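Chemist: First, the structure itself, so that you have it in front of you.
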């Protein structure tokens, strides 16, 4: 995995293996039952941790399925979902969610990105992975002001908002 991935995943007690390019990447969390994550381009991630929510294997499967969407997957010239964006979406989940965080909807975007969506009684949170380490975020709490921001490295607001929907 990249240095970027290693730094994002440090909070989750991750051991990272590297190989040349995207092929053969692997990230391994250190305890719990393993969940294998394989992308079309040979990216392999093993996830294990007792602190992951029970829905994580299903979300991983949803992300995995995005990797098989080819050009024109929506019949309106949508781009294939970029493997780096799928891995970044997984990194976002591993960095932000706790055991009690509700499961997000995992949605492909027509520009090759991934959107993670939470719609709860407390708030709506949408995190669109536009490019690795470039996130477009929409936060709409039940009470208070909505906020739309671009995130490139600082997840402080995202951690607070995910905690509020958990």
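The values are calculated or read from the model by the stated rules, or taken from the named source; none is laboratory data. Computed from a predicted model, the values in this text were never measured in an experiment. Here the Cβ positions follow ideal geometry from the backbone for every residue, glycine too, while neighbour counts run over all protein chains shown.
Chemist: Residue 76 versus (1) at pLDDT below 90; (2) farther than 27 Å from residue 165 by Cα: which is the lone unmet condition?
Modeler: So the condition that residue 76 fails would be (1).
Chemist: Going through region 138-158 one residue at a time, which ones are exposed (fewer than 15 other Cβ atoms within 10 Å of the Cβ) and part of a helix (DSSP H, G or I)?
Modeler: 156, 157
Chemist: To continue, here is another question. So which residues in region 53-70 are touching a strand residue (DSSP E or B) at 6+ places or on another chain (Cβ under 7 Å) and either at positive phi or at pLDDT below 90 (or both), if there are any at all? Reasoning before the result, please.
Modeler: The initial filter retains those residues of region 53-70 that are touching a strand residue (DSSP E or B) at 6+ places or on another chain (Cβ under 7 Å), namely 56-57, 59-60, 62-64, 66, 69.
Scanning region 53-70 gives 56, 57, 60, 64.
Chemist: Can you pull out every residue in region 88-112 that is over 22 Å from residue 54 (Cβ atoms) and surrounded by 14 or more Cβ atoms within 10 Å (Cβ to Cβ)?
Modeler: Keep residues of region 88-112 that are over 22 Å from residue 54 (Cβ atoms), which gives 88, 108-112.
Listed by number, the residues that qualify are 88, 108, 109, 112.
Chemist: Quick one: would you say residue 162 is part of a strand (DSSP E or B), touching a helix residue (DSSP H, G or I) at 6+ places or on another chain (Cβ under 7 Å) and either surrounded by 14 or more Cβ atoms within 10 Å (Cβ to Cβ) or without any contact (Cβ under 8 Å) to a residue 40 or more places away in the chain (or both)? First the steps, then the outcome.
Modeler: Details: part of a strand (DSSP E or B): no; touching a helix residue (DSSP H, G or I) at 6+ places or on another chain (Cβ under 7 Å): yes; either surrounded by 14 or more Cβ atoms within 10 Å (Cβ to Cβ) or without any contact (Cβ under 8 Å) to a residue 40 or more places away in the chain (or both): yes.
When the stated conditions are applied, residue 162 does not pass them.
Chemist: On the phi < 0 side of the Ramachandran plot, surrounded by 15 or more Cβ atoms within 10 Å (Cβ to Cβ) and without any contact (Cβ under 8 Å) to a residue 24 or more places away in the chain: does that describe residue 115? Spell out how you get there, then give the answer.
Modeler: Working: on the phi < 0 side of the Ramachandran plot: yes; surrounded by 15 or more Cβ atoms within 10 Å (Cβ to Cβ): yes; without any contact (Cβ under 8 Å) to a residue 24 or more places away in the chain: yes.
When the stated conditions are applied, residue 115 passes them.
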